[in-house]
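Trainee: My questions will all concern the structure given below.
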Amino acid sequence: MPGTLFVVATPIGNLEDITLRALRILKEVDLIAAEDTRHTRKLLSHYKISTPLVSYHDHNKEIRAPELISKLQKKINIALVTDAGTPSISDPGFFLVCRAIEADIPIVPIPGVCAAITALSVSGLPSDKFLFVGFLPRKKNKRIEVLQGLKGETKTIIFYESPRRLLATLSELTDIVGDRKGALARELTKHYEEIIRGRLSQIVETVSNRESIKGECTLLIEGKREEEDTSQPLFVEQLHRLQNDPNISLKDAVKIVVEEQGLPRNRVYREALKIWRG
Ligand code: SAM
């Protein structure tokens with residue numbers, strides 16, 4: 001019999017979010033394959049586990065996966081962990097699991113935290129049916145294509161997003177799917193944990209009022225409803241009202257809305273252009 005590949009879920013922040021079984025497996029296996037060995041070493045030293053570590057990440061997975069499979073074939077038991085949560089979910093774990101399946105290696109899941117499910121559980125959005133999208137493509141045209149494809153989706157949609165791209169994604173989403181309800185779950189289980197719930201325009205407003213937004217982010221939006229809410233974001237309504245005033249130019253209107261609603265100037269300007277051009 002070959003060794004077993006244990007796919008072990010680890011915390012997404014709080015080190016206490018790990019199961020007793022996961023700790024036992026991490027202690028008992030011969031080797032732990034970790035996405036970032038420094039990161040995993042903190043978890044291991046917290047629990048006084050001294051199992052040897054080997055790095056396995058996106059940039060070495062093509063070389064490292066066959067090496068790990070060959071060890072498994074020599075009866076070595078290996079635990080796979082990634083930086084956060086459940087390996088394979090939007091991380092390099094998937095690649096090794098597929099190679100292990102091809103090689104007929106026994107695979108045992110050791111379940112635990114997953115950021116998407118943790119965020120969904122407190123989002124207040126329908127959780128009976130949901131679609132996990134993970135990371136959106138980085139290239140704008142590809143991203144827009146994916147978002148367009150999600151426009152008619154009726155299930156709650158879950159995205160992983162980097163804080164750097166968050167505002168751009170929120171504004172693209174609002175443009176494409178409208179001002180739906182959403183939730184932004186940031187730094188879950190950590191010291192600065194925060195869940196911002198509301199319409200997408202309200203989340204944009206909250207986020208843009210910050211100097212910067214940092215940390216790990218999971219973004220959720222409700223699916224399309226039968227009676228789709230066609231109401232416009234508040235700032236768009238305000239722009240329409242200002243356009244009806246003959247004494248107010250496009251430039252003045254943008255200035256007023258940016259000052260009053262604290263929204264990014266680019267976004268307001270883009271919307272104002274559409275309205276002024278009719
Ligand atoms: N395998 C992981 C899981 O089970 O959730 C996800 C790995 S993926 C590379 C990392 C992404 O998960 C982050 O960019 C972020 O979108 C999300 N994430 C991870 N930790 C989080 C946290 N503490 N709060 C909110 N989102 C988190």
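The values are calculated or read from the model by the stated rules, or taken from the named source; none is laboratory data. In this text, all values refer to a predicted model and were calculated from it rather than measured experimentally. Because the Cβ atoms are built from the backbone with ideal geometry, glycine has one as well, and the counts that use them run over all protein chains shown. These accessible areas exclude ligands, DNA and RNA; they are computed on the full protein's heavy atoms, side chains included. Shrake-Rupley method; radii C 1.70, N 1.55, O 1.52, S 1.80 Å.
Trainee: If the viscosity is 1.567 mPa s and the temperature 4 °C, what Stokes-Einstein diffusion coefficient in µm²/s follows for segment 227-277 when Rh is the Kirkwood radius over Cα pairs?
Mentor: It comes out at roughly 117 µm²/s.
Trainee: Report, in listed order, any pair from K190/K224; K27/K71; K75/K190; K42/K155 with a Cα-Cα distance greater than 27 Å.
Mentor: With Cα atoms farther than 27 Å apart: K190/K224; K75/K190; K42/K155.
Trainee: Running a GNM on the chain with Cα contacts under 10 Å, which residue among L120, L188, L44 ends up with the highest mean-square fluctuation?
Mentor: Fluctuation is largest for L44.
Trainee: Follow-up question, since we're still on this one. In nm, to one decimal, how far is the K255 label point from the E193 one, both placed 7 Å along Cα→Cβ?
Mentor: Going from the K255 label point to the E193 one covers 4.5 nm.
Trainee: For segment 1-128, what does the convex hull of the Cα positions come to per residue, in cubic angstrom?
Mentor: Measuring per residue, one finds 112 Å³ for the Cα hull of segment 1-128.
Trainee: Could you sort V54, V122 by accessible area so the largest value comes first, with the probe set to 1.4 Å?
Mentor: Descending accessible area places them as V122, V54.
Trainee: In a Gaussian network model over the chain where Cα atoms closer than 10 Å are linked, find which of I18, I49, I196 has the largest mean-square fluctuation.
Mentor: Looking only at I18, I49, I196, the largest GNM fluctuation is found for I49.
Trainee: Determine how many Å³ per residue the convex hull of the Cα atoms of the chain encloses.
Mentor: Measuring per residue, one finds 146 Å³ for the Cα hull of the chain.
Trainee: Same structure again: For segment 1-67, max minus min Cα coordinate along each principal axis, in Å, sorted largest first?
Mentor: 32, 30, 18
Trainee: For the chain, which whole-number percentage of the solvent-accessible area (1.4 Å probe, protein heavy atoms only) is attributable to carbon and sulfur atoms?
Mentor: 52 percent
Trainee: Just the number please: accessible area per residue for the chain, 1.4 Å probe, all protein chains included, in Å².
Mentor: 53 Å²
Trainee: Then there is this: In debye, nearest 20: dipole of segment 5-113 around its Cα centre with unit charges on the Cβ of K, R (+) and D, E (-)?
Mentor: 420 debye
Trainee: A further question follows. Which distance in nm do the two modelled labels at N14 and F132 give, with both placed 7 Å along the Cα-to-Cβ direction?
Mentor: Going by the 7 Å Cα→Cβ label model, 2.1 nm.
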